[in-house]
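One structure below.
Read-outs throughout are calculated quantities, based only on the coordinates presented, and are distinct from any laboratory measurement. Computed from a predicted model, the values in this text were never measured in an experiment. Reconstructed Cβ throughout: ideal geometry from the backbone, glycine too, with neighbour counts over all protein chains shown.
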Amino acid sequence: MKEEIEFLIKRACQELFELEPEVNLTRVDEKFGDYSTNVALTLSPKLKQKPSDISQAIIGKLNEFGSGLIQSVSSAGPGFINITLTTSSLYEIVNKKSNKEFSDKQVLVEFGNANPFKEMHLGHVYMSIVGDSVARLFELAGAKVERLSYHGDVGLHVAKTVWAIKKRLGEQADAKLEDIINNKKDIGEFYAYGTKSYEESESDAAEIKLINSLIYSKQDEQIDRIYELGKEVSFSNFDEIFSELNITFSKRYFESVTSQVGLTSVKENIGKVFSESQGAIIFDGESIGLHTRVFINAQGLPTYEAKDLGLAELKDKDYPEAFRSIIITDHQQLEYFKVMLAALKQIKPNLADKTVHITHGHLGLSTGKMSGRSGQVYTAKQFISDIKEAVELAFPETLVKDEIFMAAIRYSLMKQRLGGDIVFDLNESVALEGNSGPYLQYARARAVSIISKAGSTPNQLNVADIDDEERKLLSKISEFSEVCDKAINELMPHHICTYLYELAQSFNRFYENNRVLGDPRQQQRLSLISLYADTIKNGLATLGIPAPDKM
């Protein structure tokens, strides 16, 4: 519908001025109509006419066309054109599905890249929910999404943990580590101990470096055993957390596998893409306005940059039909990925062209920052536990605590624009008032309760018999598909959150001022409330949030 109106405005401009400008319709406050456009303002400099004169001419043409889509057109301000649709047009929009621009196209979304042998922390939860929400947007657009993760299972952090386990457990390391796995305990404390020892003792640091080389070479059976069991318990813990968040993955990738692929790729392109500098192999990013980075260090080992090149090649091998490959990280890796993708562009331009790097900001807490290498990390498990406890306290009698937990954590993290830093407030996340996930669940459950009390199934809405207050709510409901399209195009889930909150407020105003049960217009209004309840449910579903009928 929006596209049809934009076409009519372009047609009017073509006939009036022999121009076909870009036309952008935006939703406006209900008192002004349904849509507004500033096309008269954009045309004014070109035509050297007053915007008000241009808008009046366009309005005249739109009225002349006599489209059954438009009920009325008016001018506002210095040249804005406000458009009110017919009620039947509004109802058509309500039933419109989101654009399926990625229909049947394969899209890879990589996120949740927690490293084994460390604790999964607050930031990993945020990244995981961001990644899953972006994946859901692509699915909404018809894509076949593969959720992928990438993990650093080799490197100094692994060696620190393995060293600490070996040091603490001595000759009984194998058996005790199996006990850790059986009891599903965390091994993050070993990483903290190893990190502290590495920084404070030269002899410990030397032992850790030796273990690091032995992990790569696999020449020590005991270290290999500790490594394998430690990796197993790490991912067992990760899987528990992802299960709590209702997130699944198609495939995991590991640095231990991408290392050799990336190393080979860099070596094959020395002299073409990469060059030698002080014994290392570098990419000269400064020559293209970026910064220079090392891809193979002086010891001949691949860096993160080379490993990411290897990852890109492995993903392409596993998913050769992928239309787009999304990588989600925190914003601190923005400049790093610019260089890595620039190098990939020179090696395999087709892979770089379909790769998109999306960043998110830092997640803080309203109670202050809780992180550090000393072991005082606000872990993902603790974060989830704290929210569940808050749900238990706020809703002691409810039977849908798991559903409310999902709303509290997902909505709180997604309601703010992706990219900037955000602050999580535990009390706000579970509140039944204000802009929260549980509030939206309650707003829908309230509507379901009204329908249930009526004791009859709502009929289809009669668009020929609708009053002004009902039309206002219908107009707000009709925005849903357009908001979804905007969220998809910008990869910004917060647009859906903002809309759902506004829709719930619109319903509250309608219900406060318009009687439903026992009113002569009961069936008409029940039909409208049913549309509203379905829209809230569908909107929450796009965010991975369930919508229980009762709270």
Could you grab the relative contact order for the stretch 238-357? Cα pairs under 8 Å, six or more apart, rounded to a whole percent. 23 percent
Orientation-averaged projected area, Cα convex hull of the stretch 406-542 (nm²): 8.7 nm²
Pairwise label distance in nanometres, GLU512 with ASP386, each label 7 Å out on the Cα-Cβ vector: 3.3 nm
Sorted by chain and then number, the residues having a modelled amide H within less than 5 Å of the amide H of GLN106, at least 5 places away or on another chain, are LYS144, PHE323
The percentage of Cα-Cα pairs in the stretch 240-376 separated by more than 21 Å is 51 percent
Amide H partners (placed H, <5 Å) of PHE254, local residues excluded: HIS151
If packing is taken as the mean number of other Cβ atoms within 10 Å per residue, what is the order of 81-92, 327-338, highest first? 81-92, 327-338
The chain - share of DSSP beta bridges that are antiparallel (%, nearest 5): 45 percent
Can you give me the C-alpha center-to-center distance between the stretch 511-549 and the stretch 189-205, rounded to a whole angstrom? 58 Å
The chain, relative contact order in percent, only Cα pairs under 8 angstrom and at least six apart counted: 14 percent
Report the relative contact order of the stretch 406-542, percent, no decimals, based on alpha-carbon pairs under 8 angstrom and at least 6 residues apart. 33 percent
Spatial separation of Cα centroids for the stretch 34-48 and the stretch 102-116, in angstrom: 41 Å
Of the candidate values (1) 27.2; (2) 31.5; (3) 25.6, the one computed for mean projected area of the Cα convex hull in nm² from this structure is (2)
Packing-wise, with mean Cβ within 10 Å as the measure, how do 245-257, 309-321, 93-105 rank, highest first? 309-321, 245-257, 93-105
Reduced to Cα centres, the span from the stretch 224-239 to the stretch 302-327 in Å works out to 24 Å
Over the chain: helical MRE at 222 nm, DSSP H runs n ≥ 4 each giving -39500 (n - 2.57), nearest 500: -18000 deg cm²/dmol
